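None of the figures in this text is laboratory data; all of them are computed from the coordinates on show. The shown structure was predicted, so the numbers you read here are calculated from the model rather than taken from an experiment. Every residue, glycine as well, gets a Cβ built from its backbone with ideal geometry; the counts of neighbours run over all protein chains shown.
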Amino acid sequence: MGLFGRRRAPVAELPVEGRLPTFDGAAGWLNSSPLRPADLRGKVVLVEFWTYTCINWLRTLGYVRAWAEKYADRGLVVVGVHTPEFPFEEEVDNVRRAAEDLGVDHPVALDPDYVVWRAFANHYWPAIYLVDAEGRIRHHQFGEGDYEGCERVIQRLLRDAGDAPADDDLVSVTPDGLEAQADWAQLESPETYLGSEQARRFASPGGVAVGRSRAYVSADPLRLNQWALAGEWAVERRASVLQGDSGSLVLRYHARDVHLVMAPRPRGTSIPFRVILDGGPPGDAHGLDVDADGHGALLEPRLYQLIRAPGVIEDRTVEIAFLAPGAETYVVTFG
């Protein structure tokens, strides 16, 4: 993104938004022993709430990683708080594997019971809180964006603490893969939850049969941002789960990227699937987790990138056809 060399813009006076809570409610830690207030005294602290399947958090990760690297020797401490959205994200082994795969090597407090989340009165993934050397929260950022603003506050707080950065340049980040920024100018589809608790815009005839298995058929045609099921599914509170030997999830959308959070049931099984874009293979529009013919495998609980389309974006229909039972599908997100 070529941010090096930009002149420092003044940072407005920073309010005091409260004191840094302790992390005493954490159920465990990754990459660190438990951090106490004494360990952070005199440090500028960046606290980020995340959950590993959240595409919005994934798109912030490159910046947080770069800040941790650039400012560590100036007194910045980055602390991640992993507060799960979905049940499988409560499992320590899943979080540990995700952190390793994604290059998260700063301290991470595990918060499966939302104790730290509540101590901060937080409501968002991702959320960043910037804390000065006196332990006061001076800035927050909810959701993606304003990376320059956050970094300028980091520089200001380090300067106030007597650990001025060697220069005023901003980090240069060129994110790719899951960390690539969304194509906001062309994105017209909202995240789509697939469990009965938050499901919207469901189009299969007969609606949702909550909590029990039944046969569904897709709607034809689907309107933009509608979704449907085909085959025998059980729509549970948090996920739609395939019961039959095969079945499909179908969506009409307008975006460059399509991601699906899903998990195999039971864990440890492999469920083959195929992505079909506008009736055929995705070709050069395939995502990281499928090939050009659309073939992929559901192996572990995480976010899967199914589509990354080049060129002009338009309304399209994607079908994810599962070839074995047990696929738990939680949410579709776009970029």
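A few notes on this one:
- Table column - 3J(HN,Hα) (Hz), the range 274-288, Karplus curve with 6.51, -1.76, 1.60, x for Gly and Pro: 9, 9, 10, 10, 6, x, x, x, x, x, 6, 8, 6, x, 5
- Residues whose placed amide H lies under 5 Å from that of residue 138, excluding near-sequence neighbours: 17, 130, 131, 132
- What you get for the range 192-334, charging only the Cβ of Lys and Arg (+1) and of Asp and Glu (-1), is a dipole of about 540 debye around the Cα centre.
- Distant-in-sequence amide H partners of residue 225 (H built 1.01 Å from N, under 5 Å): 252, 253
- Karplus (6.51, -1.76, 1.60) ³J(HN,Hα), θ = phi - 60°, over the range 118-127, in Hz, Gly and Pro reported as x: 5, 4, 8, 6, 8, 9, 9, 10, x, 9
- For the range 192-334, averaging the sequence separation of C-alpha pairs within contact (under 8 Å, six or more residues apart) and dividing by the residue count gives a relative contact order of 29 percent.
- Using θ = phi - 60° and Karplus 6.51 cos²θ - 1.76 cosθ + 1.60, couplings along the range 242-254 (whole Hz; Gly, Pro as x): 6, 9, x, 5, 7, x, 9, 10, 10, 9, 10, 8, 9
- Residues with amide H under 5 Å from that of residue 289, placed H, sequence gap 5 or more: 305
- Principal-axis analysis of the Cα atoms of the chain puts helix 147-160 at an angle of about 20° to the longest axis.
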